[in-house]
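The values are calculated or read from the model by the stated rules, or taken from the named source; none is laboratory data. These numbers were taken from a predicted model, which means no experiment stands behind them. A quick note on method: Cβ atoms are made from the backbone with ideal geometry, for glycine too, and the neighbour counts reach across all protein chains shown. Quick note on the areas: whole protein, heavy atoms, side chains included, nothing else; ligands and nucleic acids left out. Shrake-Rupley method; radii C 1.70, N 1.55, O 1.52, S 1.80 Å.
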Amino acid sequence: MPAVVIIGTQWGDEGKGKATDQLGERVDYVVRYSGGNNAGHTIVVDGEKYALHLLPSGILNERCVPVLGNGVVIDLDVLFEEIDLLAERGVPAASRLLISANAHLITPYHRVIDKVTERFLGKRKIGTTGRGVGPAYADKVNRIGIRVQDLLDASILRQKVEASLEQKNQMLVKVYNRPAISPEEVSEHLLQYAERVSPLIADVGLVLNDALDRGEVVLFEGAQAHHLDVDFGTYPYVTSSNPIAAGACTGAGVGPTRLNRIIGIAKAYTTRVGEGPFPGELLDETGEALRQAGGEFGTTTGRPRRCGWFDALVVRQAVRVNAVTDLFLTKLDILTGLEKIPVITAYEVDGERTETMPMTQTEIHHATPVYEYLEGWSEPLSAARKLSDLPKAARSYIERVEELTGAPVSGVGVGPGREEVVVIRDLLN
Ligand code: IMP
């Protein structure tokens, strides 16, 4: 089972690190294929906490090669800050990292534009992480982006930065009332990293296909999630890339038939940060109680996450579009102590009942959840390691999730620690 993709099935922050940990030492390559430093994961190794936003989690495992694929957008300031912080703590990240020559850069002007456009949108803002991710992808598609390989040719880099800033400076000055940005300063800023980046640049697609040919294990680590995907998410309240499993193909250079296992991470309830529709959002004290119990505050921005009960329509769509082979249910322990646990099994949209995610944005905005109430349990779950260790009601909850979503649950998170997992089916074999 050499190629495994891990994706979020909801709106992000499902706890993907839990499943990555399960694969642990068996992984040879860990690849990020989409997004940038808008992601955030905290990893605890031997009691030490590491907060990463851009580097793949495999960076901490010395026998595994961390990779940034062509689909990632890279802010070099953030990349080297993370690398240097790890080095200070004794993790030699830069010696193993591979970066695609075709990955695009987030430059200082992308960060500025992200912030001014959000401010300009006012009430209609997306609620981005403000890291410049959207504007960097916009330039990529608009064919005025700056790529990692441009750092290898200073004169080309200067020309491209100048071309990219030409129109942006007009907009900054005339529309947004901001100072123009100097192309020379930006070029020099980026070029200071050229020497450090150049030994890391690789033909990532070639490296990964060769690794798969040798039977090595490649883990594609999704950032964000299905419902933040620019094509399948709640557009326009989405990120600007394709976090879905298919994004691993376009964002790292491997063909669809090479992907063997697609692991969908689903939190036992639902959360979302930023703006956008969320039919099951609980705006009352129940939502607040879930937020406190689950510690639902963003790793990247610290924003409180919006909370609701498990929404089967949300996860079912992700299972279908991503051909999820296994679900990994996280944070089941947070539901302990409830007499009844509500689960969304359908929506009512303008008087009609639907069991699939509505097709249009208007319908999603008009959707009211229909709940089913499952038995709760009072026993703490954190010591459970196999299915039979769980209380009967918790097992029934898992079974109902499987029925409603159409995918088998292979692992369950029962606490924050790495080992606090119920393993039902191995994620590799
Ligand atoms: P952007 O990716 O910064 O452009 O933000 C677009 C939307 O995606 C916003 O609603 C963000 O809150 C959301 N978002 C981006 N990255 C993450 C993540 O890692 N977890 C959850 N939400 C995210």
Review point. Glu399 to Asn177: FRET efficiency via 1/(1 + (r/R0)^6), r the Cβ-Cβ distance, R0 51 Å, to the nearest 0.05?
Key: 0.30
Exercise for review: For Lys160, list the aspartates and glutamates whose Cα falls under 17 Å from its own Cα; do not include residues on the same chain fewer than 8 positions away.
Suggested key: Asp75, Asp139, Asp150, Glu184, Glu185, Glu188
Check your understanding: With springs only between Cα atoms under 10 Å, which of His53, His189, His226 fluctuates most in a Gaussian network model of the chain?
Key -> His189
Review point. Summing Lys, Arg as +1 and Asp, Glu as -1, what charge do residues with Cβ under 15 Å from the Cβ of Val148 carry, Val148 excluded?
Key: -2
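Just subtract the alpha-carbon distance of Arg385 and Thr356 from 0.36 nm times their residue separation and send over the number in nm, one decimal.
7.1 nm
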Revision key, fill the gap. Largest-first ranking of Ser95, Ser187 by accessible area, probe 1.4 Å, whole protein assembly kept, is Ser95, Ser187
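With a 1.4 Å probe and every protein chain kept in, tell me what percent of the accessible surface of the chain is carbon plus sulfur.
The value for the chain is 52 percent carbon and sulfur by accessible area.
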Point to revise | Heavy-atom SASA rank of Thr301, Thr250, Thr9 (probe 1.4 Å, accessible area, largest first) | key: Thr250, Thr301, Thr9
Practice item. Rank Leu427, Asn61, Gly302 by how far each Cα sits towards the positive end of the charge dipole of the chain (+1 on Lys, Arg Cβ; -1 on Asp, Glu Cβ) and give me just the farthest. Key: Gly302
**Study point:** segment 43-103-segment 107-145 distance, computed between alpha-carbon centres (Å)
**Key:** 24
Review point. At 222 nm, what helix-only mean residue ellipticity would the chain give, in deg cm²/dmol to the nearest 500, using -39500 (n - 2.57) for each DSSP H run of four or more?
Key: -9000 deg cm²/dmol
Check your understanding: On full extension of the chain, what length is gained from Arg26 through Ala138, given 0.36 nm per residue of separation minus the C-alpha to C-alpha distance?
Key -> 36.7 nm
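Which pairs in the list Lys140/Lys267; Lys115/Lys267; Lys267/Lys340; Lys16/Lys140; Lys49/Lys331; Lys49/Lys125 are over 23 Å apart, alpha-carbon to alpha-carbon?
Listed pairs above 23 Å: Lys140/Lys267; Lys115/Lys267; Lys16/Lys140; Lys49/Lys125.
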**Study point:** List Lys16, Lys49, ordered by accessible area with a 1.4 Å probe, largest first
**Key:** Lys49, Lys16
Study note, to complete from the structure: For the chain, the per residue accessible area (1.4 Å probe, Å²) is 42
Check your understanding: Under 5 Å between amide H atoms, partner at least 5 residues away or on a different chain: which partners does Thr270 have, H built in plane at 1.01 Å?
Key -> Gly308, Trp309, Phe310
Point to revise | Among 201-210, 410-419, 130-139, 350-359, the order from most to least packed when residues are scored by Cβ within 10 Å on average | key: 130-139, 410-419, 201-210, 350-359
Review point. Name the residues of segment 9-43 whose amide N is less than 12 Å from a point 7 angstrom out from the Cα of Lys49 along the C-beta direction?
Key: 42-43
